[in-house]
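Below you'll find the structure, written out as structure tokens, and then a few comments.
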Amino acid sequence: MTVLTQPPTMGDVLKYEVNPNYTRETVTLLAGTAYPVGSVLARITASGKYTLATSGGTDGAQTAAAVLLFAVDATLSDAVGIVVVRGPAILSRAALAYDGSVDDAAKITTKIGQLTALGLIVRDTA
């Protein structure tokens, strides 16, 4: 029997939102990586572009500001993505994807706290 594997989808990440017209935005993603569904993103202060939220820095990349709802390949150039930037919304903890520098429980907790401040609630059971 053939086993089919479906890649993650928006429904795996976003479990509830009050109104898509309010909670979502279209943003520019910084070139250089392929962003998976559920990427925890930060906004670079100088350019206004979004990239994976890191565990340090001073350019804005250290503060989680959004979660990507659809995978985007921006390896060669900047690309457009749809993100959830404000709540009320509920996200699944298991579906979130982090930058490699967010590599332990304390750093993940910090990113989740930053999302919570935006009204993006992260739940284990979602």
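Read the figures in this text as sums done on the coordinates, not as results from a lab. Just so we're clear, the structure is a prediction, and the values are computed from it rather than from any experiment. When we count neighbours, we look across all protein chains shown, and the Cβ atoms used for this are built from the backbone with ideal geometry, even at glycine.
Just checking, how many residues over region 36-58 are surrounded by 13 or more Cβ atoms within 10 Å (Cβ to Cβ) and farther than 18 Å from Ile108 by Cα?
Within region 36-58, residues that are surrounded by 13 or more Cβ atoms within 10 Å (Cβ to Cβ) and farther than 18 Å from Ile108 by Cα number 4.
What number goes with the only condition from (1) more than 18 Å from Pro7 (Cβ to Cβ); (2) touching a Leu at 6+ places or on another chain (Cβ under 7 Å) that Thr54 does not pass?
All conditions pass for Thr54, except number (2).
Provide a single number: the residues in region 2-41 that are assigned to a strand (DSSP E or B), among the hydroxyl-bearing types (Ser, Thr, Tyr) and either farther than 19 Å from Ala95 by Cβ or in contact with a Lys or Arg (Cβ under 7 Å, 6 or more places away or on another chain) (or both).
Counting residues in region 2-41 that are assigned to a strand (DSSP E or B), among the hydroxyl-bearing types (Ser, Thr, Tyr) and either farther than 19 Å from Ala95 by Cβ or in contact with a Lys or Arg (Cβ under 7 Å, 6 or more places away or on another chain) (or both) gives 2.
Residues in region 45-68 that are aromatic (Phe, Trp, Tyr) and assigned to a loop (DSSP other than H, G, I, E, B): how many?
Of the residues in that region, 0 qualify.
Output the residue which, of all residues in region 69-78 that are out of contact with any helix residue (DSSP H, G or I) (no Cβ under 9 Å at 6 or more places or on another chain) and in a loop (DSSP other than H, G, I, E, B), is nearest to Thr28 (Cα to Cα).
Filtering first and then ranking leaves Asp78.
For Ala79, are the conditions met, namely being surrounded by 20 or more Cβ atoms within 10 Å (Cβ to Cβ), farther than 23 Å from Asp124 by Cβ and out of contact with any Asp or Glu (no Cβ under 6 Å at 6 or more places or on another chain)?
Considered against the rule, which asks whether it is surrounded by 20 or more Cβ atoms within 10 Å (Cβ to Cβ), farther than 23 Å from Asp124 by Cβ and out of contact with any Asp or Glu (no Cβ under 6 Å at 6 or more places or on another chain), Ala79 comes out as no.
Restricting attention to region 83-126, and to residues there that are under 14 Å from Lys15 (Cα atoms) and among the hydroxyl-bearing types (Ser, Thr, Tyr), which single residue is surrounded by the most Cβ atoms within 10 Å (Cβ to Cβ)?
Ser92
In region 53-95, which residues are farther than 17 Å from Leu118 by Cα and in contact with a strand residue (DSSP E or B) (Cβ under 8 Å, 6 or more places away or on another chain)?
Once the filter is applied, which keeps residues that are farther than 17 Å from Leu118 by Cα and in contact with a strand residue (DSSP E or B) (Cβ under 8 Å, 6 or more places away or on another chain), region 53-95 yields Thr54, Phe70, Ala71, Val72, Asp73, Ala74, Thr75, Asp78, Ala79, Val80, Gly81.
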